[in-house]
Structures are given as C-alpha cells and as structure tokens.
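Asks: Structure below; questions to follow.
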Amino acid sequence: MGFDLTQILDYSLIAMLLAVGFAVVRMRNLFAAVMLTGVYSLLSAAWFVSLDAVDVAFTEAAVGAGISTVLMLGAMLLTAREAEPGGATRHWMALVMVTAAGAALFFAIPDMPVYGDAMSIANSYVGYEYMVQTPEDIAVPNVVTAVLSSYRGYDTMGETTVIFTAALSVMLLLGLGSKRSRKKDGEDKA
C-alpha cells in the first residue's frame, strides 16, 4: 500500500491535532489552554484545505481560531487563571475520549478520496450538478461563492446571526457599555 503526499500530510495534521488535544487536556493554565484551542482550530483549517474544503477552512480559521479565541479570552477575565486540579477519573475519561476520537480519524483516512480525484463522490452526482448548473442558474462565476450566497443564503445568514449573538452575549457578560464599566473607566482615568 503506497502513500501519496496528500495522505502523508493528512496523517501529519491528524497527529498534530492529537498532540494539541492531549496538551489541552493536560493544561492547568487557562490562558495556555485557550491559545492551544486556537492552534487546534488553525490545524483543523489546514486539514480542511488539504481536503479541498477551502470555504470550510476559512470559516474555521476565522471563527474557531479568531472569534472563539477572543471570546474565550474575554470570558477568562471572569475566572481564575489556573484550573483547579481535577480527579484522576476526569483525566482518564479525557484520555479515553481523545484516544477514541483520534482512532476514529485515523481509521477514516484511508477511505478519503485522493486529492483532485474527478471520480470522487464530492466531484460526482450532486457536486457535479452544482458545477454544471450554477453558471446557468446564477450569474456568479465562483461556484463556492454562488452556493454560499444563493443556494445556502439562509444558512449563511443563520451562521452570521449565531456569531453576532455570541459576541453580544460575551459583551453583556463582561458588562461592556454598562454604567458600572463606564464609571470604573472614569475612575481609572482620574
């Protein structure tokens, strides 16, 4: 069984995801754990690019590594900087879950189509129909943009609403814009 370069890249990215996952589970410093979850999101985005899902990779990088990291850092301001020690059961359960998820990912890699395979499921059937029909149905030259803005317009609007609601919730939790925070800012300046 020979491996091509894409499969080696996929195995490498999944191994790095597993290593970061283990590191996040072992972290006691919450700041380091938040930063490592951002790294995990960036590695996931790189893996999505390897899978030829650039739009998903862009979303993962922007939301997972960008916005989520900022929101978690904001929420961390309300908590302690170090996690309290958990019991041994908690650590073993986390290890079991990470190992099971990693094993499932490694088990699925050989079933993935080769990068650019014209006969893969993604490039045939419905995917092929989108490639053929989109230029006729919509006057948008990029098929991915056409699908996201037209065929999945309501879904994209819903995702945007979720992100806006999450950001608004964190701002409300932190008390940004409240009389108390404005009063505190005024005291700091005096």
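Only the coordinates and a few stated rules stand behind these numbers; no lab work does. Note that the coordinates shown come from a computational prediction; the quantities given were computed from them, not determined experimentally. Backbone-built Cβ (ideal geometry, glycine too); neighbour counts: all protein chains shown.
Asks: Going by how many other beta carbons lie within 10 Å of each one, how would you line up 71, 5, fewest first?
Replies: 5, 71
Asks: From the C-alpha coordinates alone, can you work out the Kirkwood hydrodynamic radius of the chain, in Å?
Replies: 20.1 Å
Asks: Related question: Order of 131-140, 37-46, 55-64 by packing, highest average Cβ count within 10 Å first?
Replies: On the way: 131-140: 12.6, 37-46: 19.5, 55-64: 17.0.
Order by mean packing, descending: 37-46, 55-64, 131-140.
Asks: Once the Cβ-Cβ distance between residue 155 and residue 29 is put in as r, and R0 is 35 Å, what FRET efficiency do you end up with, to the nearest 0.05?
Replies: Efficiency for this residue pair is about 0.40.
Asks: On C-alpha positions alone, give me the angle between the axis of helix 5-26 and the longest principal axis of the chain, in degrees, nearest 10.
Replies: 20 degrees
Asks: Also, quick follow-up: Charges on Cβ only, +1 for Lys and Arg, -1 for Asp and Glu, centred on the Cα centroid of the chain; of 149, 71, 116, which one is farthest towards the dipole's positive end?
Replies: 71
Asks: Provide the per-residue ³J(HN,Hα) series for region 50-62, in order, calculated from phi with Karplus coefficients 6.51, -1.76, 1.60 and θ = phi - 60°, each as a whole number of Hz, with x at glycine and proline positions.
Replies: Along region 50-62, the couplings run 4, 7, 6, 10, 5, 5, 5, 4, 4, 5, 4, 5, 6 Hz.
Asks: Taking every pair of distinct Cα atoms and averaging 1/r, then inverting, what Kirkwood hydrodynamic radius in Å comes out for region 1-112? If you can, show how the numbers build up before the last one.
Replies: On the way: mean 1/r = 0.0652 Å⁻¹.
Across region 1-112, the inverse of the average 1/r is 15.3 Å.
Asks: Give the peptides 6-13, 92-99 in descending order of average Cβ contacts within 10 Å, highest first. Before the final figure, lay out the partial values.
Replies: Details: 6-13: 16.1, 92-99: 12.9.
Output ranking for 6-13, 92-99: 6-13, 92-99.
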